[in-house]
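Peer 1: Below is the structure I would like to discuss, written out as structure tokens.
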Amino acid sequence: MEIEIDTPRGPGRADVELPEGEARYLLAITHGAGGGVDAPDIAAVRDAVLAAGGAVARVTQPYRVAGKRMPGAATGPQDEAWRVLIEKVRTGSGAAGLPLVQGGRSNGARVACRTAAAVGAEAVVALAFPLHPPKRPERSRAGELRGAGVPVLVVNGDRDPFGVPDAADADTLEVLPGERHELAKDPAAVGRLVAGWLDRRFPAG
């Protein structure tokens, strides 16, 4: 199911898929700054979560629908649009009432952390969380992880030029050997980690 969503920052889009049987939770996951929701790690997470009994909404933010590669330096407008997107996804996708998990890769992971409390998410999945700009470790974004207010799973590669968060900054940190920021070497492993972590948080029955 594809949902077009109007926001104060322009139209966004959500591709919603439901598992066979009753869904246990809804994972709303979004892209990185210049990427899309078909990125290898996001696609692998979608497949694994659907197979494990979760619903998945892959959300394309308004600036990407408009063809822009970057969301802009100010985080407020991006977060404002995201809150509207999530409200519509929850009420208009057949997933109303399900526990909400927010997710994203890179810049999208930052958005998921910053807005988790505001939208009532119960957990966050952060893929390739960009701890700092490349070669600028003094500009740490660890505060966004710590400020999520809910359990956060971080999956990063050990060769990520954006850095690797500290284990103390998240509920669970998984560091994949040989992976860079794209997490494209073994996307299926990323999917298994995410689905397994969510399965433990939202067990069947």
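The values are calculated or read from the model by the stated rules, or taken from the named source; none is laboratory data. These numbers were taken from a predicted model, which means no experiment stands behind them. Positions of Cβ are generated from backbone atoms using ideal geometry, with glycine treated the same way; all protein chains shown enter the neighbour counts. To get the accessible areas, we keep the full protein, side chains included, count just its heavy atoms, and leave off ligands, DNA and RNA. Shrake-Rupley method; radii C 1.70, N 1.55, O 1.52, S 1.80 Å.
Peer 1: Would you check if there is a residue in the range 26-40 being in a loop (DSSP other than H, G, I, E, B), free of Cβ contacts under 8 Å to residues at least 40 places away in the same chain, among the aliphatic types (A, V, I, L, M) and open to solvent by 40 Å² or more (accessible area, probe 1.4 Å)?
Peer 2: Within the range 26-40 (the criterion being in a loop (DSSP other than H, G, I, E, B), free of Cβ contacts under 8 Å to residues at least 40 places away in the same chain, among the aliphatic types (A, V, I, L, M) and open to solvent by 40 Å² or more (accessible area, probe 1.4 Å)), the answer is no, since none of the residues qualifies.
Peer 1: Out of the range 1-12, which residues are open to solvent by 40 Å² or more (accessible area, probe 1.4 Å), in contact with a helix residue (DSSP H, G or I) (Cβ under 6 Å, 6 or more places away or on another chain) and in a strand (DSSP E or B)?
Peer 2: 11
Peer 1: Return the pairs, sorted by first residue and then second, in which the second residue is in a helix (DSSP H, G or I) and open to solvent by 30 Å² or more (accessible area, probe 1.4 Å), the first residue lies in the range 179-198 and is more than 13 Å from residue 47 (Cα to Cα) and among the aliphatic types (A, V, I, L, M), the beta carbons are less than 8 Å apart, and the residues are 6+ apart or on different chains.
Peer 2: Taking only residues 6 or more apart or on different chains, the pairs are 183/40; 184/40.
Peer 1: Filter the range 70-107 for residues that are part of a loop (DSSP other than H, G, I, E, B), out of contact with any strand residue (DSSP E or B) (no Cβ under 8 Å at 6 or more places or on another chain) and not hydrophobic (A, V, I, L, M, F, W, C) and give the result.
Peer 2: 71, 72, 97
Listed here are the residues, each with its yes/no results for (1) buried (at least 20 other Cβ atoms within 10 Å of the Cβ); (2) modelled with pLDDT under 95; (3) among the hydrophobic types (A, V, I, L, M, F, W, C).
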position: 115; (1), (2), (3): yes, no, no
position: 129; (1), (2), (3): yes, no, yes
position: 133; (1), (2), (3): no, yes, no
position: 155; (1), (2), (3): yes, no, yes
position: 188; (1), (2), (3): no, no, yes
position: 196; (1), (2), (3): no, no, no
position: 199; (1), (2), (3): no, no, no
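Peer 1: With respect to residue 49, determine if the residue is in a helix (DSSP H, G or I), surrounded by fewer than 23 Cβ atoms within 10 Å (Cβ to Cβ) and either modelled with pLDDT of 95 or more or among the aromatic types (Phe, Trp, Tyr) (or both).
Peer 2: No; evaluated as a whole, the condition is false for this residue.
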